[in-house]
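A short worksheet on the structure shown next.
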Amino acid sequence: MADAAYAINNKATLEGPLGKPTDIAMAISVVGALFVLIIPLPTPLLDALMALNLTFSILVILTVLYTQKAIDFSLFPTVMLVLTVFGLVLNISSTRLILTQGARFDGHMIRAFSSFVVGSDNASDGLVVGTVIFVALIVMQAVVITKGATRTSEVAARFTLDAMPNKYMAIDSEYSSGVITEEEARRRKAEVQQEADFYGSMDGASKFISGSVKFGIFMTVLNVLGGIIIGTVMHGEPIGAAVSNYIRFSIGDGLLSQFPALFISTAMGILVTRAATPGDLGVEVSAQFTRDARIYWISAFVLVCMAFLPGFPHAVLFVMAALLGFYAYTITMKQRKKAFSEMSAAQAALKPKEDTGEMPPIVPLEALSLEIGYGLIPLVDKDKGAELLDRVQGVRRQSAIDLGLVIPKIRIIDSMMLEPSEYCFKIRGVDVGTGKIRMNYYLCINSGYVRGELYGEKTRDPAFGLPAVWISDEKRDEAERLGYTVVDPPTIISTHLTEIIKRNAPEILGRQETQAIMETLKKDYPALIEEAMGQRGLSLGEIQKVLQNLLKEQVSIRNMVSILEALADFAPLTHDTRFLTEKARQRLARQISHKYADGNRVLHVLTLDPSLEQKIIDSKVETSSGVLSALEPSIYRTWIKTLLRVASTLVEQGYSPPIIVCSEEARYLVKLSTERDLSELVVLSVPEIASDITLESLGTIKLD
C-alpha cells in the first residue's frame, strides 16, 4: 500500500497540478487562440501563426493519405474543429491589422499570396484576375469539395448506424458458433461502436468547413468595403490607391485562410470516401489501375485518332499516346510473367517427385482425419467460403470446452476411394463413421415431433441414425413449418464430427496429448504435478487411463486440478486405475450431478432393488485384463430386458438420458454390464451426488 501511494504521489508530482505537459500545452493553445480575437498581434507573430496553420493542414491531409482505415484517425473531427477555429481567429486578426495599418501593412505571408495572384504592381487587370481566381477557389471549395464531403459523411453516418444491429448479430453468431473468442467478439463490437461514433462526429464536423467557407466570403467582402471606407475617409488615401491596396490585401488574406481550409475539406472527403477500400491508398490505387492493360491500349489509340484531327495539339497528343502505350506494354509483360510463374508452379506441383527409393522408418497416422469425395470439395474450397473449415474449427473449440479435450488439427483430404458425395471420419487410419451428402440440398430430420409427412428422398441422419429426408431449397419453409429439423451439408458433417469425438474421445487422448496436458499444468501447479507423478506417484500411462475412463462416460476432464488432487490423495494406497477413476468422479461430484439435474437442481433417477444390486456386486470377477461382471446368463437377460423396458418408458416421458443411482461398490459393475446394450445409460454412485442436488426417484428396478 505504501509503495502504491508513493507511486501515485510521484505520478502527480511529475504531471503537475494541472495534468500532463501535453494537456497543459493543448489547453493553452486553445484558450490562447480565442484570446487572439481581442488582442492585436504584431505582424511577425501573425506570419508565424499563419505558416503554422498552413503546416498543420498539410500534416492532416498527409496523415489521411497514409491512414489504413478511417477510424484509425478517430481524432480527425476534433482536429478539424480546432484548425477551423484557429484559421477563423487568424482571419479576424489579419483583418484588424489590414484595416488599421492600410498601405503600411507589412504581413509577409499575405503580401506573398497576393503577389502570386494579383502581381507586384497595381495594374487593374491583375486585380480583376486575382478577384476571379479567388472567387473561383471559393466556389470550388463551397460547391464541389465541401458540399460533396458533407453529403458523403451524412450518408456514411446514416448507413453505419443502420448497419450496427446486423453487425452485432453477425459477431454474436460467430461467437456462438465458436469461430471467434469472447475477447475477439468484444473487440469487434467496440470497433463497430467506434466506427458509428466516428461517422456521427464527421456528420456534424463537416458543417464547420461549410461555415468556414461562408465566413471567408463574408470577411473578404468586409475587408474590401471596410478598407475602402477607412482608407478614403480616415486615412485620406485616393480612391484608386485604396481600392488597389485593400483588394490586394483582402485577396491575399482570403487565399491564405482558404488554403488550409481547402486542405482540411479535401482530407475530410478522402477520409469518408475510403470506407470501402481500407488499406494503403497508394497500394490500392496501383493495384486497381493496373489490373487490365487493355484500357491503356484503347486510350492510346483514342489519343492518336484525336491527334490527326485539325486544330488539336499533335505533338502533345502523340507524346501522351506514346506514354500510355509504353505503360500498357509494361503491364502486359508483367501479367504474362505472372501467369507464366503461376503455370510453372502448378506444373511443378503436379509433377511427381523423384522417388529415391528410400522409405521413412514410420508413416504416422493422424489422430483424427476427414476424407471426402471429389463432389464435396466445394465445402472446403476457400474461393467458395470454405464453410466446412470454419465449422470444424468451431467443433474443436466446443469439444475443448465440453470435454476438456483439445482435439488435434483435423486433416481434410479428398479421396478417390470414396464416392463423389461420400465422406469418412478416421481415427488413426481406422474408419469410425461415414455418410453421404447431397450438395445444394437440405437434410430434414424427423425428431419425433413432426406434424405431417414431407415428400423427398428418404434417408437417415448419419450422426444419430434418425429418419430423415433430402429436400431442395424450395421446400425448406414447408419442412420447418411441419416441425422437421432442417440442416445444411456443412452442419451435417460438423454434427457428425461432434458425435464422433464424444464416442471416441478415449481413443483420441493418447500419451502425447496427456503429456501436453501435464506440461501445461506444470507451469501453474508444479507442486501438484510433482506429488501426483513423483517417486511414488502415478506414471503417465496410469494418468492417461484414468482420463480415458472419465471420457468414456462423457465426464469432462477440463477440471484437471481436481482430478489430479484426487489421484495424488489415493495414489499412495493403490495404482488401480478403476478405483482411482471412481475417486476422481467423486471429486467431480458437483460437475457431474449438475450436468444431469434440471433447472431446479432436481435429479430424476432410478434405483436398484437391494437384492439385484447385491447380485451384481457378487458377480465381480478379477481377470488379467481387469474387473468383469459375470452375471448368470438367465439373470443377465432378465436384467437387461427389464432395464431396456424401463429406460424406453422414461425416454418417452422426457427423462433422457435415463439415470441409475447405486452404491459406490456397484456403480462400475452396473455400467460395465449395461455398456453393450444401453450405452446411453448414466450410472452414478451416491458419493457423486452434490449436496445441493435433490433426488427424485422415478422407480426401482427389480428382477421379475
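The values are calculated or read from the model by the stated rules, or taken from the named source; none is laboratory data. Just so we're clear, the structure is a prediction, and the values are computed from it rather than from any experiment. Heads up, the Cβs are rebuilt from the backbone with ideal geometry, glycines too, and the neighbour counts pull from every protein chain shown.
Set side by side, the residues 670, 682 differ, and just one is under 21 Å from residue 621 (Cβ atoms), surrounded by 16 or more Cβ atoms within 10 Å (Cβ to Cβ) and either in the same structural domain as residue 598 (by TED's automatic domain parsing) or under 45 Å from the mean Cα position of the chain (by Cα) (or both), which is 670.
Within the range 226-276, the set of residues being in contact (Cβ under 8 Å) with a residue 60 or more places away in the chain, among the hydroxyl-bearing types (Ser, Thr, Tyr) and not in a loop (DSSP other than H, G, I, E, B) comprises 244, 246, 250, 257, 265, 266.
Counting the residues of the range 583-602 that are in contact with a helix residue (DSSP H, G or I) (Cβ under 8 Å, 6 or more places away or on another chain), surrounded by fewer than 20 Cβ atoms within 10 Å (Cβ to Cβ) and either farther than 12 Å from residue 562 by Cα or at pLDDT below 90 (or both) gives 1.
Filtered by the rule that a residue be touching a Leu at 6+ places or on another chain (Cβ under 8 Å) and within 22 Å of residue 141 (Cβ to Cβ), the range 200-234 gives 202, 205, 208, 212, 215, 223. For the range 619-644, the tally of residues that are surrounded by 12 or more Cβ atoms within 10 Å (Cβ to Cβ) and either more than 30 Å from residue 559 (Cα to Cα) or of a type in the set (Ser, Thr, Tyr) (or both) stands at 14. On inspection, residue 408 passes the criterion of being part of a loop (DSSP other than H, G, I, E, B), surrounded by 11 or more Cβ atoms within 10 Å (Cβ to Cβ) and either at pLDDT 85 or above or within 35 Å of the chain's Cα centre (by Cα) (or both).
Residues are listed down the side, and each one gets a yes or a no for (1) in contact with a helix residue (DSSP H, G or I) (Cβ under 8 Å, 6 or more places away or on another chain); (2) outside any loop (DSSP other than H, G, I, E, B); (3) in the same structural domain as residue 421 (by TED's automatic domain parsing):
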site: 462; (1), (2), (3): yes, no, yes
site: 478; (1), (2), (3): no, yes, yes
site: 486; (1), (2), (3): yes, yes, yes
site: 493; (1), (2), (3): yes, yes, yes
